[in-house]
Amino acid sequence: MKINALIYSSLLVGLVLAGCNKQEPFGSPSPTPGTKSLVEIVTSDKNFSRLAQAVTRANLTQALSGANLTLFAPNNAAFAAAGIDSAAIAKMDPAVLGGVLRYHVLSTVVRSADVPVGINRETATLNGTAYVSKFDFGQPAVAVNGVRVTLPDIGATNGVMHIIDNVLVPATGTIVDAVKGNPNFTFLLAAVTRANLAGALSGAGPLTVFAPTDDAFKTTTPYKTLADINAATPAALAAILQYHVTQGRVFSTNFVPEAYPVSGGIVVSSDAKKPGKIPTLGGKAIDVSGDLRLTGLGNGTDAATITRANILTTNGVVHVIDRVLLPGS
């Protein structure tokens, strides 16, 4: 899934549901150590060449050589999924890149077995709070900010490493900042402004927003131009926008199969006749299928697809969708 324009630009220019309220790293004594340090593991494996390049550019080799660390390590495929290639890394501000990399590091050793089953445990990284979840789907699975751990518990002489399938990006602004920073959200920004919801979406939250693109507005609603949005009543726009917002931080991994429910998760089903329900600030629920397609009460059978997921903000999460969700009459 490509990293969105806001996050990518912030990397270059200066780079649900509530869990535990207390922010703290969690862990236990170090697992059986490997024979290499974290840095040596990364630099000796060609599958981590982009991470190794990033560590060198950010001058973090010494920091990652400290004792008792946990590294959530994106491999080359994870960097590719985030839309970051070697050329992009070479152009990034070292200080900004360092901030992103430190967000992948905990100051204590945390094995997958140390993570309790549950959603969105606030966890202190070396650069802000991450949200760690663990699910027991017959076999335990761990995710950070909706990014999955694909291979856990690689022992190192100075800690442990978990391979992840995307790059973690720390929050750099509010939900409204995320909307303002993405050129595909000009209609959404105009609607938020017209509906007088900018203040609510800039508050403490946390909130999760399913954010329709400009093309989504043009194809799904009567609002084909910005002039149409500015001519609409604030109440009409607010009714639509509030139908795109739910309480809490809901990452894509917070949707759980009905066979393995987790406290605080949103249960989804493979049975199209039994969709999961996402409560919204508008008072009506959104239907969500097992493949995470969203359908509003007024959308008929036309479901929205999440095209970019898990954009972390200081007050919640944003998921980009390709249709406007209509609440119906």
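Nothing in this text is a laboratory measurement; each read-out follows from the coordinates by a stated rule. On a predicted model such as this, the values are computed, not experimentally measured, just so you know. Cβ atoms come from the backbone with ideal geometry, glycine included; neighbour counts cover every protein chain shown.
Going by neighbour counts of Cβ atoms within 10 Å, the residues THR253, THR43 line up, fewest first, as THR43, THR253.
For region 296-329, the residues whose backbone nitrogen is under 20 Å from a point 7 Å from the Cα of ALA80, taken along Cα to Cβ, are 308-309. When the charge dipole of the chain is built from unit charges on Cβ atoms (+1 for Lys and Arg, -1 for Asp and Glu) and taken about the Cα centre, the candidate among VAL268, LEU297, ALA239 whose Cα reaches farthest toward its positive end is ALA239. Extension gain, THR129-THR150: 0.36 nm per intervening residue step, less the Cα-Cα distance, totals 5.5 nm.
Each residue of region 165-179 is assigned a 3J(HN,Hα), and the resulting list reads 9, 7, 8, 7, 10, x, 5, 10, x, 7, 4, 5, 4, 4, 5 Hz, derived from the Karplus form 6.51 cos²θ - 1.76 cosθ + 1.60 (θ = phi - 60°), x at Gly and Pro. If R0 equals 30 Å, the separation of the Cβ atoms of LYS273 and PHE137 corresponds to a calculated FRET efficiency of about 0.85. Relative protection proxy for 296-306, 172-182, from highest mean packing down: 172-182, 296-306 (other beta-carbon atoms within 10 angstrom). Bridges between two residues of region 175-321, per DSSP, are antiparallel at a rate of about 60%. Computed from the C-beta positions of SER107 and THR193 and an R0 of 51 Å, the FRET efficiency is 0.80 to the nearest 0.05. Rounded to the nearest Hz, the phi-derived 3J(HN,Hα) couplings of region 304-313 under the Karplus curve 6.51 cos²θ - 1.76 cosθ + 1.60 (θ = phi - 60°) are 8, 10, 7, 8, 9, 10, 6, 7, 7, 10, where x marks glycine and proline. The peptide list 223-233, 205-215, put in order of mean Cβ contacts within 10 Å with the highest first, becomes 205-215, 223-233. Its residue count N fixes a reference of 2.2 N^0.38 Å for the chain, and the Cα radius of gyration divided by that reference is 1.02. Where only DSSP H runs of four or more residues are counted, the chain gives -6500 deg cm²/dmol as its mean residue ellipticity at 222 nm, each run worth -39500 (n - 2.57).
Over region 158-211, the ratio between the Cα radius of gyration and 2.2 N^0.38 Å evaluates to 1.54. Model label sites at ASP45 and THR301, defined 7 Å from Cα along the beta-carbon direction, differ in position by 4.6 nm. Short-range pairs are left out: with C-alpha atoms under 8 Å and at least six residues apart, the relative contact order of region 159-289 is 19 percent. The coefficient of translational diffusion for region 175-321, derived via Stokes-Einstein from the alpha carbon Kirkwood radius under 25 °C and 0.890 mPa s, stands at 158 µm²/s.
For PRO140, the shell of other residues with beta-carbons less than 15 Å away shows a net charge of +1, using +1 for Lys and Arg and -1 for Asp and Glu.
Counted by Cβ distance under 15 Å from ALA156, the other residues give a net charge of -1, where Lys and Arg count +1 and Asp and Glu count -1.
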